[in-house]
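Presented below is the structure to which this report refers.
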Amino acid sequence: MARVELENVSKRFGGTRALKELSLTVEDGEFFVLLGRTGAGKTTTLRVIAGLEKPDSGRVIIGDTDVVGKTAAERDVALVLQQYSLYPRLSVRGNLEFPLRPKVRKMKDDEIARRVERAANTLQITHLLDRKVERLSGGEMQRVSIGRAIVRDPRVFLMDEPLSALDAKLRESLRVELKKLHQDLGATFLFVTHDQVEAMSMGDKIGVLRSGRLVQVGSPSDIYERPRNTFVARSVGSPPMNLIEGRFSDGKAEVNGFSLPVASSASAGPAVTFGVRPENLVLEPGAPAEAKIFDIEDQGVVKILTLDMGETRLHATVPAGLHIQRDETVRFGWKPDRVLTFDKETGQNLAVA
Amino acid sequence: MRERSRRLFHPESDIVTDVITRLEPDSRAASRGLSDLTIRNLFIIPTIAFLIIFNVFPLLYSLWTSFTDFRASTTAPANWIGLANYRELLNDPFIWRNFTITAKYVIISVTGQVVVGFGLAMLLNRAIPFKGLVTTLLLLPMMLSMAVVGLFWKLLYDPSFGIINYFLGLGKFEWLADPQVALWAVAIVDIWMWSPFVMLLSLAGLSAVPKHLYEAAEIDRAGPFYTFFRITLPLVAPILMIAIIFRTMEAFKTFDHAYILSSQPTTELIAIRLYKMAFLEWQTGLSSAFAYIVLIMVVAITNIYVKYLNRAKAR
């Protein structure tokens, strides 16, 4: 087990700067999730740590040593990819044994068998051991590729969107299993995803990546409750946080001609962007603001409403039992202490900055 | 230019409407005469006629002659002699020698081509400068006429002024006159000429191996040999097998350059023996039987290969 540290790592592919002075620390035994959109540099970060890409500048530290000059094999990390990367023409057992077989490891046959058995048990793929990998389903393939990582007892697990290619149900169950695996192994995990639900539900810590830079690092609740800027605010939560342009006047928020209360702690500024999560919008008869129901999405437990305020549309999450019609005009307000204010120009959270 | 592209891509433009009408049955296109019947008469019937005249008929005719004592050089009528030709051939020790020579030649030549061709493909399967040019140059031997290749390799092999002895410093080494070496010399020419073919197919196979597998192997600390035998080879095997099938069939019927290069009894491949039997000795019936024996052998060998190929694919 080991901690992983990136120090001012930059990487350029031709004219694109994939990573810009990225610094990042994953503590020993931590489940760190790197969240970002396509092209944010998530995969590059993993590949730099794994040793598949050489950074243009900066240091990569695994444990106590700078590994920039070392090959992927010397770093002793495991990498699980989205496309499984199972070795074709081999059985599941052959795949699990693969990383243990090379001569440099000098591992005895019974030790190999023991490790394969243990990994197969952990992932419940014992019954598949003698099957060829071509005959596995997507979920089974991903289990095998995770198994191939486990057998090695690597210092760090790197996972590049391992669940993205699976269907929703399987993704959920593997998500739970991966978390449990992390607890059992106590290993350092660096997990990359574009899926905010995955990030929120799995990570001890989340790092939000945007065009090669870390925007914010924190616990899931930190990221959710106290986003540093509007980008992070919109990155997590489904539906994402509502951002409404408005202004302060007399200690109240003025939005689209309506005046809404805000907590006194909110820092004042003439023109700001208010951020409020859908679940913090409240529909009640005497509320200060008014909007028309544009759309209703019934999700069973909750209904997600799209409110039309003319220039802006807002999402609100309400209990599914609420009877409401499209095109109905409703009154709504928000929970004043849950309203965030962002700089209108820079998008920075005024309470954090 | 803009006008043209507008005409091409605008849905209402006349070109597009024209194409659409052509695609619809019973439309203008049909009235122009390009009906299924016309297509059949214009293309399919001539092709079938051609196949029947030049392939099917000779095949059946030679099958019939193989059971007769027919000689194309005389006007004497052919007599049905049953399996006598086959019996004679299979009991002839000289024929078996031809087969042994051919087998040896096929093994040397195909092995050489696979090793050299696959090796070249491995070297080319990476980013190297002038890759396209290098590949094209390597493919050139394949495009020459076999007879021409035979003629100029005869010059290259020449013991007194040949460039091969000059470069290898072999003095007056007899490539073609020495009965022990001649077959190798013929095989080397074949390897030189057809390795590019194996290379081309291997290159296609190699470039189809997903890069992430190599990365996974690298992270799993697999060495180059381990990676080659566990990942590269199994994935390229099916296409390599196809190359081997083609080359074996071709090597089996090698004639041109072998005939030109050497007249040693040790290089008398079955095709050469067959040629002599048919057109120097005019034993048409006998040589037809011989040709059928060769055909059966080639089909048998190919079948074995195809079985392996299917197994390689199924795994």
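The values are calculated or read from the model by the stated rules, or taken from the named source; none is laboratory data. These numbers were taken from a predicted model, which means no experiment stands behind them. Backbone-built Cβ (ideal geometry, glycine too); neighbour counts: all protein chains shown.
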> Looking at (1) among the hydrophobic types (A, V, I, L, M, F, W, C); (2) at pLDDT below 85; (3) buried (at least 20 other Cβ atoms within 10 Å of the Cβ), which is the only condition A:ALA263 fails?
Replying inline: (3)
> Of all residues in region A:68-104 being surrounded by 21 or more Cβ atoms within 10 Å (Cβ to Cβ) and part of a loop (DSSP other than H, G, I, E, B), which is nearest to the other protein chains (Cβ to nearest Cβ)?
Replying inline: A:SER85
> Which one is nearest to the other protein chains (Cβ to nearest Cβ) among residues in region A:138-163 that are of a type in the set (A, V, I, L, M, F, W, C) and in a helix (DSSP H, G or I)?
Replying inline: A:ALA149
> Looking at A:LEU166, is it assigned to a helix (DSSP H, G or I) and closer than 30 Å to A:VAL236 by Cα?
Replying inline: no
>> Can you go through B:TYR226, B:TYR214 and tell me which one is among the aromatic types (Phe, Trp, Tyr), within 8 Å of chain A (Cβ to nearest Cβ) and farther than 30 Å from B:MET146 by Cα?
In response: B:TYR226
> Of all residues in region B:156-195, which are among the aromatic types (Phe, Trp, Tyr), buried (at least 16 other Cβ atoms within 10 Å of the Cβ) and outside any loop (DSSP other than H, G, I, E, B)?
Replying inline: B:TYR157, B:TRP184, B:TRP192, B:TRP194
> Residues in region A:105-114 that are assigned to a helix (DSSP H, G or I) and either closer than 25 Å to A:PHE189 by Cβ or within 10 Å of another protein chain (Cβ to nearest Cβ) (or both): how many?
Replying inline: 4
>> Can you list the strands (runs of 3 or more DSSP E) lying wholly within region A:271-332 that have 2 or more residues being surrounded by fewer than 12 Cβ atoms within 10 Å (Cβ to Cβ) and among the acidic types (Asp, Glu)?
In response: none
>> Could you check region A:304-338 and list, in sequence order, the residues that are aromatic (Phe, Trp, Tyr) and in contact (Cβ under 8 Å) with a residue 60 or more places away in the chain?
In response: A:TRP334
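Residues are listed down the side, and each one gets a yes or a no for (1) among the hydroxyl-bearing types (Ser, Thr, Tyr); (2) within 14 Å of A:VAL80 (Cα to Cα); (3) surrounded by fewer than 16 Cβ atoms within 10 Å (Cβ to Cβ); (4) touching a Ser or Thr at 6+ places or on another chain (Cβ under 9 Å):
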residue: A:ARG143; (1), (2), (3), (4): no, yes, no, no
residue: A:GLY147; (1), (2), (3), (4): no, yes, no, yes
residue: A:VAL197; (1), (2), (3), (4): no, no, yes, yes
residue: A:ASP204; (1), (2), (3), (4): no, no, no, yes
residue: A:TYR224; (1), (2), (3), (4): yes, no, no, no
residue: A:PRO239; (1), (2), (3), (4): no, no, no, yes
> Yes or no: A:GLU245 surrounded by fewer than 16 Cβ atoms within 10 Å (Cβ to Cβ), under 19 Å from A:LEU340 (Cα atoms), in contact (Cβ under 8 Å) with a residue 12 or more places away in the chain and among the charged types (D, E, K, R)?
Replying inline: yes
> In region A:115-137, how many are surrounded by 13 or more Cβ atoms within 10 Å (Cβ to Cβ), more than 11 Å from chain B (Cβ to nearest Cβ) and either assigned to a helix (DSSP H, G or I) or of a type in the set (Phe, Trp, Tyr) (or both)?
Replying inline: 10
> If you scan region B:250-265, which residues turn out to be assigned to a helix (DSSP H, G or I) and at pLDDT 90 or above?
Replying inline: B:GLU250, B:ALA251, B:PHE252, B:ASP256, B:HIS257, B:ALA258, B:TYR259, B:ILE260, B:LEU261
> With B:VAL198, B:VAL236, B:VAL209 as the choices, which residue is touching a Gly at 6+ places or on another chain (Cβ under 7 Å), within 14 Å of chain A (Cβ to nearest Cβ) and either over 30 Å from B:ILE260 (Cα atoms) or in a helix (DSSP H, G or I) (or both)?
Replying inline: B:VAL236
>> I'm trying to understand the selection: among the residues of region A:153-176, which are in contact with an Asp or Glu (Cβ under 9 Å, 6 or more places away or on another chain) and under 20 Å from A:VAL48 (Cβ atoms)?
In response: A:PRO154, A:ARG155, A:VAL156, A:GLU161
> What are the residues in region B:101-155 that are among the aromatic types (Phe, Trp, Tyr) and either on the phi > 0 side of the Ramachandran plot or assigned to a loop (DSSP other than H, G, I, E, B) (or both), if any?
Replying inline: B:PHE130
> For residues in region A:34-67 being on the phi > 0 side of the Ramachandran plot and assigned to a loop (DSSP other than H, G, I, E, B), which is nearest to the other protein chains (Cβ to nearest Cβ)?
Replying inline: A:GLY51
